[in-house]
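In what follows, a structure is listed as structure tokens, so that the remarks can point back to it.
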Amino acid sequence: MAEDVSWRGFGVDAGGAGALLRRMAKPLVGIIMGSTSDWETMQHAAAHLDALGVPYEKRVVSAHRTPMLLVSYAESAEKRGLKVIIAGAGGAAHLPGMTAALTALPVLGVPVESHALKGMDSLLSIVQMPGGVPTATFAIGKAGAINAALFAAAILALEDAAVAKAWKKFRAAQTTKVLQAKLPEAKAS
Ligand code: RP5
């Protein structure tokens, strides 16, 4: 689990027994990614769900290397109780769009930064869906993974009072942090 949740310590319980209990609860969010190499990015989504108390599952599901697994995962997701799917992929990033084609659940796509094209390929692959198969698309890399998790929490918060409380607490803590920020002295030479 990623340890660098920057707003940890602002009152949202990110660890300890609470986190263990949440991990044992029925997952509401599915985090899938095209490769184990995507975990470095996608762990930021997991860490933020942990901190907000949202139970999730995580799994490598590749649109290209395990297409049949993608079909069974996406088709069973709603029945298994998932409410939102976060899908991260890089390069020819078909995973989020294909997942959205196979389930009615909201799919939040995270473009993973690729080596060759710095994630522009991932971004354009995910964002340019044909009308009728909506796939939300977030920023390339870590910021996208974090925001996908926060967006998932915002969706769940519409129906889940505990998530709503944690989500509002996070927003308030973030605002307080910015308002209290102090800039260092200038070091002009
Ligand atoms: C995509 O290809 C994955 O999502 C990953 O971002 C990229 C490279 O995968 P690896 O070659 O590192 O497994 O399917």
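The values are calculated or read from the model by the stated rules, or taken from the named source; none is laboratory data. Source: prediction; values computed, not measured. Cβ atoms come from the backbone with ideal geometry, glycine included; neighbour counts cover every protein chain shown. When the accessible area is computed, the model is the full protein with side chains, heavy atoms only, and any ligands, DNA or RNA have been set aside. Shrake-Rupley method; radii C 1.70, N 1.55, O 1.52, S 1.80 Å.
For the stretch 57-72, indicate whether the set of residues that are touching a strand residue (DSSP E or B) at 6+ places or on another chain (Cβ under 9 Å), more than 16 Å from the ligand (Cβ to nearest atom) and over 19 Å from L150 (Cα atoms) is non-empty. If you could, list the steps in order and put the result at the bottom.
Here is the first cut: in the stretch 57-72, the residues touching a strand residue (DSSP E or B) at 6+ places or on another chain (Cβ under 9 Å) are 57-63, 66, 69-70.
Adding the requirement that they be more than 16 Å from the ligand (Cβ to nearest atom) leaves 57.
Cutting the leftovers down to over 19 Å from L150 (Cα atoms) gives us none.
Looking through the stretch 57-72, none of the residues is touching a strand residue (DSSP E or B) at 6+ places or on another chain (Cβ under 9 Å), more than 16 Å from the ligand (Cβ to nearest atom) and over 19 Å from L150 (Cα atoms).
For the list (1) on the phi > 0 side of the Ramachandran plot; (2) within 13 Å of the ligand (Cβ to nearest atom); (3) not hydrophobic (A, V, I, L, M, F, W, C), I need the number of the one condition that G132 fails.
(2)
Scan A143, A166 and give me the residue that is part of a helix (DSSP H, G or I) and within 14 Å of the chain's Cα centre (by Cα).
Values: A166 fails: within 14 Å of the chain's Cα centre (by Cα).
Answer to the selection: A143.
Got a number for residues in the stretch 117-129 being within 16 Å of the ligand (Cβ to nearest atom), farther than 21 Å from V60 by Cβ and part of a loop (DSSP other than H, G, I, E, B)?
Qualifying residue count, the stretch 117-129: 2.
Condition check ((1) touching a His at 6+ places or on another chain (Cβ under 7 Å); (2) open to solvent by less than 10 Å² (accessible area, probe 1.4 Å); (3) free of Cβ contacts under 8 Å to residues at least 12 places away in the same chain) across all residues:
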{"site": "A46", "(1), (2), (3)": "no, yes, no"}
{"site": "V60", "(1), (2), (3)": "no, no, no"}
{"site": "E75", "(1), (2), (3)": "no, no, no"}
{"site": "L95", "(1), (2), (3)": "no, yes, no"}
{"site": "H115", "(1), (2), (3)": "no, no, yes"}
{"site": "I126", "(1), (2), (3)": "no, yes, no"}
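Could you list, in sequence order, all residues of the stretch 77-93 that are within 16 Å of the ligand (Cβ to nearest atom), hydrophobic (A, V, I, L, M, F, W, C) and crowded, with 16+ Cβ neighbours inside 10 Å?
Pass one, the stretch 77-93, residues within 16 Å of the ligand (Cβ to nearest atom): 85-93.
Then drop every residue that is not hydrophobic (A, V, I, L, M, F, W, C), which leaves 85-87, 89, 92-93.
Within the stretch 77-93, I85, I86, A87, A89, A93 qualify.
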